[in-house]
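Student: What follows is a structure written as structure tokens; I'll ask about it next.
What follows draws every value from the coordinates through simple rules; no lab data is involved. Everything quoted here is computed from the prediction, not taken from an experiment. With ideal geometry, Cβ positions are generated from the backbone for all residues, glycine too; neighbour counts draw on all protein chains shown.
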Amino acid sequence: MINLLFELGPEVVLVRVDGNSITFQKNGSGFVPINGLKLDQSGVEKEFPDLKGNADWKSEAIKRFKLHVQTLTTERRKADYIIEDLKKHGYVIKKEQITGQRWRRK
């Protein structure tokens, strides 16, 4: 399991990668899967231009995210994908923790 701590202004997001399960925690609330996140439609359309005007854009974006994550073979690759994806949206990785190890600064 890999934990990733991100910041975007006052917002703090903890992402947990555990096998194919990726969960998110915002500002100390409980962990939720990607289905429980509020996604920005313009951000999704920037990533997937073909979803512009699609009434079911959110569920399609979530489906694509889950399929892509399953193609990545290791937790490290999944964590690296999350880091790069959130960087595009302004999030800054602050710390990382691998199970059994201490938190380390990025």
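Student: Distances longer than 24 Å among the Cα atoms of the chain: what percent of all pairs is that?
Tutor: More than 24 Å apart: 22 percent of the Cα pairs in the chain.
Student: Tell me, in nm to one decimal, what length is gained between Trp103 and Met1 on full extension, where the rule is 0.36 nm per residue of separation less the Cα-Cα distance?
Tutor: Contour length minus the Cα-Cα distance gives 35.5 nm.
Student: May I pose another question? I'd like the orientation of helix 75-88 relative to the chain: the angle between its Cα long axis and the longest Cα principal axis, in ° from 0 to 90, rounded to 10.
Tutor: 60 degrees
Student: Could you size up the charge dipole of the chain around its Cα centre, putting +1 on the beta carbon of Lys and Arg and -1 on that of Asp and Glu, and report it in debye to the nearest 20?
Tutor: 420 debye
Student: Report, in degrees rounded to the nearest 10, the 0 to 90 angle that the Cα long axis of helix 57-71 makes with the longest principal axis of the chain.
Tutor: 50 degrees
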